[in-house]
Every structure is written in C-alpha cells, then in structure tokens.
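Before any comments, here is the structure.
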Amino acid sequence: MQEKTKSEKFIMLHVAKKDSSAFLEDAITNSDIERGLYVRSGCGKELINQFNKAKDKGYFPIGIVLDDSFNMEILFKRHINQTKEMKMVEINNVNPFDL
C-alpha cells in the first residue's frame, strides 16, 4: 500500500495582458521553462468563471492556490467600495506564507 503524502499545491498568478509578453520572455529566457504542452480541459473556462464571480463581488483576483481537492483559494485585492453584503465566504489563513 502506498503511503499517503501531503497534497501537492500549485500557485498560479495572473499577469496583466500588457506585462504578459515580458513575463513569458523572462521566464523562458532565464530558466529551463518551455512552452507548448497542450491538454484538453475545461479548467480554463471554470477558472475564468470563478474569477468573474469574485470580480462581481468586489474582489480583484490576482492568483490562485490549487491542490488536489475540489477547492481553490483565490489571492485577491479588495475593491475599496466592496460592501459587507458583497463579501463571499472568506477564511482567515493562519499561515498565509505556507503552502
């Protein structure tokens, strides 16, 4: 029987369109990162859908933390005019720098 290990987590950041080319150039030029492996998945549409829901509630999504569960944690900036009624369920992460 295989031993259960701690779930693996990934951090994905949103890069503004105006900065995306420079971000990719830096990542590809200065590391071993390659581009071009495509897989068929609906996760992109679902991610955009969740980001749009958050935006409608006064959040500016800037990234996500993903693990192997059905949950994702959105990193965000808050709109200054967000009301209490607009807020979604927020959980205070006691270790915000740990994965």
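Couple of notes before you dig in:
- Rounded if a/c under 1.5, otherwise prolate or oblate - the chain, Cα gyration tensor axes: oblate
- Positive-end ranking of 80, 43, 64 along the dipole of the chain, with charges on Cβ about the Cα centre, is headed by 80.
- Hz values of 3J(HN,Hα) by residue in region 68-85 - Karplus curve (6.51, -1.76, 1.60), Gly and Pro given as x: 8, 9, 8, 10, 9, 9, 9, 8, 8, 10, 9, 5, 5, 9, 5, 9, 4, 5
- Here the dipole of region 16-59 is about 420 debye; that uses its Cα centre as origin and unit charges on the Cβ of Lys and Arg (positive) and Asp and Glu (negative).
- Residues whose amide H falls under 5 Å from that of residue 59, counting only those 5 or more places apart or on a different chain, are 79, with hydrogens built in the peptide plane.
- Between 56, 68, 32, the Gaussian network model of the chain with springs among Cα atoms under 10 angstrom shows the greatest mean-square fluctuation at 32.
- Vicinal HN-Hα couplings computed from phi for region 51-61 (Karplus, 6.51 cos²θ - 1.76 cosθ + 1.60; Hz; Gly/Pro x): 4, 5, 4, 5, 4, 5, 9, x, 10, 10, x
- Most mobile of 69, 31, 21 in a GNM of the chain (Cα contacts under 10 Å): 31
- Between residue 68 and residue 22, the FRET efficiency from the beta-carbon distance, with R0 = 41 Å, is close to 0.80.
Here, each number is a calculation from the coordinates, and none is a lab measurement. Just so you know, these numbers come straight off a predicted model, no measurement behind them. Neighbour counts are summed over all protein chains in view; Cβ atoms, including those assigned to glycine, are modelled from backbone coordinates with ideal geometry.
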